[in-house]
Amino acid sequence: MKQHSYEIQIEWTGNSGDGTKTYKSYRRDHTITSAGKPEILASSDPSFRGDRARYNPEELLVASLSSCHMLWYLHLCSVNHIAVLGYQDSASGTMAENDDGSGQFVRVLLKPVVKISPGDDRAKALALHQDAHHLCFISRSVNFPVDIAPEILGGAVPTA
């Protein structure tokens, strides 16, 4: 079995002078970096005193699921002779917060809208979403449902 390693650095940048002296005395701002890549400005969800102008871990988890699915889907289309001309996803996630302050994701919904070449097999393009879901490293690693509601634009509709 092959193994792949990923390294990132996190640096908290939210010390307003008193550190974490009180719950309200510090910002949740931090940067995410990896060698040779642009930094990601991050914070916590605004519900937890985060900066809404920065990405939060929950958004990044949903983005990871959407990105992984898309990359597998594009690969599968290329090897199955489906020419994808456009791809957009409006992904959403639901997290449930428990009484003790902990929480967990309970569902993510991916809603990709894919435009394919006019003569390509629309049914095959739709079916490849299930294959992409099965192969996606990130969706295979989470313990909550990741549902997919794809839409295919263009392509040939099979005739009966």
Practice task
Within the stretch 52-160, list the chymotrypsin sites (Phe, Trp or Tyr not before Pro) lying in a DSSP loop whose Cβ has at most 15 other Cβ atoms in a 10 Å radius.
Solution key: Phe137
Completion exercise
Most exposed first, judged by fewest Cβ atoms within 10 angstrom, Thr22, Thr94 run Thr22, Thr94
Practice task
Quick one: check the C-alpha center-to-center distance for the stretch 128-148 versus the stretch 60-94, whole angstrom.
Solution key: 11
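With a Förster radius of 35 Å, plug the Cβ-Cβ distance of Ser117 and Phe137 into 1/(1 + (r/R0)^6) and report the FRET value to the nearest 0.05. Working shown, then result.
Details: r = 28 Å, r/R0 = 0.80.
Efficiency, from the Cβ-Cβ distance: 0.80.
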Exercise for the section: Quote the FRET efficiency, to the nearest 0.05, computed for Arg52 versus Ala156 with a Förster distance R0 of 45 Å and r equal to the Cβ-Cβ distance. Expected result: 0.55
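Taking the stretch 1-53, which chymotrypsin sites (Phe, Trp or Tyr not before Pro) meet the DSSP loop condition and have no more than 16 other C-beta atoms within 10 Å? List each step's numbers first, then the result.
On the way: sites: Tyr6, Trp12, Tyr23, Tyr26, Phe48; in loops: Tyr6, Tyr23.
In loop regions of the stretch 1-53 (DSSP not H, G, I, E or B), the sparsely surrounded chymotrypsin sites (Phe, Trp or Tyr not before Pro) are Tyr6, Tyr23.
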Practice task
Could you pull out every one of the lysines with an alpha carbon less than 19 Å from that of Lys115, ignoring same-chain neighbours closer than 8 positions?
Solution key: Lys124
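Lys and Arg at +1, Asp and Glu at -1: add these up for the other residues within a Cβ distance under 12 Å of Ser16 and post the number.
Working: positive: Lys21, Lys24, Arg27, Arg28, Arg49; negative: Asp18, Asp29.
Residues close to Ser16 contribute a combined charge of +3.
Counting other Cβ atoms within 10 Å of each Cβ, which trypsin sites (Lys or Arg not before Pro) in the stretch 1-35 have at most 15 and sit in a DSSP loop? Please report the intermediate quantities before stating the final value.
Values: sites: Lys2, Lys21, Lys24, Arg27, Arg28; in loops: Lys2, Lys21, Lys24, Arg27, Arg28.
The qualifying sites are Lys2, Lys21, Lys24.
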Handout entry: Gain in span if fully extended, Asp147 to Asn98, counting 0.36 nm per residue against the direct Cα distance
Key = 15.4 nm
Problem - Residues listed by number, the stretch 44-67, amide nitrogen under 13 Å from Thr33 label point at 7 Å toward C-beta - result: none
Completion exercise
Restricting to aspartates and glutamates and to Cα separations under 17 Å from Lys24, and discarding same-chain partners fewer than 8 apart, the set is Asp45, Asp51
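Could you put Met95, Met1 in order, starting from the residue whose Cβ has the fewest other Cβ atoms within 10 Å? If you can, show how the numbers build up before the last one.
On the way: Met95 16, Met1 2.
Ordered from fewest to most neighbouring Cβ atoms within 10 Å, Met95, Met1 come out as Met1, Met95.
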Practice task
Determine the percent antiparallel among the DSSP beta bridges restricted to the chain, to the nearest 5.
Solution key: 70
Practice task
Quickly estimate the mean residue ellipticity at 222 nm for the chain, helices only: each DSSP H run with n ≥ 4 gives -39500 (n - 2.57), and the total goes over all residues, rounded to 500.
Solution key: -8000 deg cm²/dmol
Completion exercise
Contour minus Cα-Cα span, Asn80 to Ser67, at 0.36 nm per residue, comes to 2.7 nm
Practice task
Please report Val142, Val108 as a ranked list, fewest other C-beta atoms within 10 angstrom at the top and most at the bottom.
Solution key: Val142, Val108
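Bear in mind these aren't lab numbers, they're just calculated from the coordinates by the rules spelled out. On a predicted model such as this, the values are computed, not experimentally measured, just so you know. Backbone-built Cβ (ideal geometry, glycine too); neighbour counts: all protein chains shown.
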